[in-house]
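Everything on this sheet refers to the single structure shown next.
Just so you know, all these numbers are worked out from the coordinates, no wet-lab data involved. Note that this is a predicted model, so its numbers are computed, not measured. Because the Cβ atoms are built from the backbone with ideal geometry, glycine has one as well, and the counts that use them run over all protein chains shown.
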Amino acid sequence: MERFAIAIDGPAGSGKSTAAKEVAKRLGMVYVDTGAMYRTVALACMKAGVATAEEAEALSVLNGIDMRIEPGQGGQRIFLDEKDVTAEIRTPEIGKGASEVAAFQKVRERLVEIQQELAREYPVVMDGRDIGTVVLPDAELKIYLDAGVEERARRRQGELREQGKTEELSAVMEKIRQRDEADKSREHSPLRMAKDAILLDSTGMSAEEVVQAILAEVKKVR
Ligand code: DC
């Protein structure tokens, strides 16, 4: 396939990764989860006993680790110092740490480089917060996937339940609001919709409906 990139941005729990993974599979493209990279930096900080809110320390951790991404149509695997940490990074604590390290410009620069390199190598469906605005400003298709906060909290609650954890809906909603606020108000590459992105509100839509809506947009540009 010739170079073709789909950027999917949006807030936590909007269904980006589920949709991006499935769209990549159906189109024979490679799914790249950029949030996993920020999560891996946060995990490395935690392992090193370094606060994720300290820029210089987080950067020195990032400079000292080996982070390897194995992209694939069925999903992406991510390795920290040769250990597969794909599952280990999916906790709310690491999500919060990821949001903190993601505020640092130098951390972002390093990870954006890796992301752009992947997009040069493969036709990608890449999800994150700044893909359409910063990482792939020339992506052929940009989707901004949003959903109401209560719906996003219910989805997160379901994911937590699958991990055997129970949390009150109100508590999950509060954390999502805080994460939205942190991601949208940070100085560097805040979460925002690219001017040329298509807004898709997935509230009340099934995962398959979201996939179909994105595939319909792909048809228009390809
Ligand atoms: O999508 P996620 O929950 O795995 O992302 C974890 C954090 O990483 C999120 O709070 C914001 C940050 N992030 C970012 O700043 N830029 C990206 N491209 C992807 C994630």
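Please indicate, with yes or no, whether at least one residue in the range 8-15 is closer than 18 Å to residue 123 by Cα and either within 14 Å of the ligand (Cβ to nearest atom) or out of contact with any helix residue (DSSP H, G or I) (no Cβ under 6 Å at 6 or more places or on another chain) (or both).
Kept after step one, since they are closer than 18 Å to residue 123 by Cα, are these residues of the range 8-15: 8-9.
After this cut, where a residue has to be either within 14 Å of the ligand (Cβ to nearest atom) or out of contact with any helix residue (DSSP H, G or I) (no Cβ under 6 Å at 6 or more places or on another chain) (or both) as well, the list is 8-9.
Yes: the range 8-15 contains one or more residues that are closer than 18 Å to residue 123 by Cα and either within 14 Å of the ligand (Cβ to nearest atom) or out of contact with any helix residue (DSSP H, G or I) (no Cβ under 6 Å at 6 or more places or on another chain) (or both).
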Residue pairs qualifying under the 6 Å Cβ cut-off, at least six apart or on distinct chains, with the first in the range 127-153 being part of a helix (DSSP H, G or I) and the second being of a type in the set (Asp, Glu), are 131/9; 132/9
Checked the range 108-140 for anything farther than 16 Å from residue 198 by Cα, within 11 Å of the ligand (Cβ to nearest atom) and of a type outside the set (A, V, I, L, M); matches are 108, 115
Of (1) within 16 Å of the ligand (Cβ to nearest atom); (2) surrounded by 13 or more Cβ atoms within 10 Å (Cβ to Cβ), residue 185 fails just (2)
With the first residue restricted to the range 11-37 and required to be touching a residue at least 60 places away in the same chain (Cβ under 8 Å), and the second required to be hydroxyl-bearing (Ser, Thr, Tyr) and part of a helix (DSSP H, G or I), Cβ contacts under 9 Å at 6 or more apart or on different chains are 12/99; 31/17; 33/17; 35/17
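If a residue must be within 10 Å of the chain's Cα centre (by Cα), farther than 12 Å from residue 72 by Cα and surrounded by 23 or more Cβ atoms within 10 Å (Cβ to Cβ), how many such residues does the range 21-35 contain? Explain how you work it out, then say what you get.
Just the residues of the range 21-35 that are within 10 Å of the chain's Cα centre (by Cα), to begin with: 32-35.
Filter again for farther than 12 Å from residue 72 by Cα, leaving 34-35.
Right, trim to surrounded by 23 or more Cβ atoms within 10 Å (Cβ to Cβ) and you get 34.
Summing the residues that are within 10 Å of the chain's Cα centre (by Cα), farther than 12 Å from residue 72 by Cα and surrounded by 23 or more Cβ atoms within 10 Å (Cβ to Cβ) in the range 21-35 gives 1.
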Being of a type in the set (Lys, Arg) and surrounded by 18 or more Cβ atoms within 10 Å (Cβ to Cβ) narrows 179, 110 down to just 179
Across the range 87-107, the tally of residues that are more than 12 Å from the ligand (Cβ to nearest atom) and under 15 Å from the mean Cα position of the chain (by Cα) stands at 1
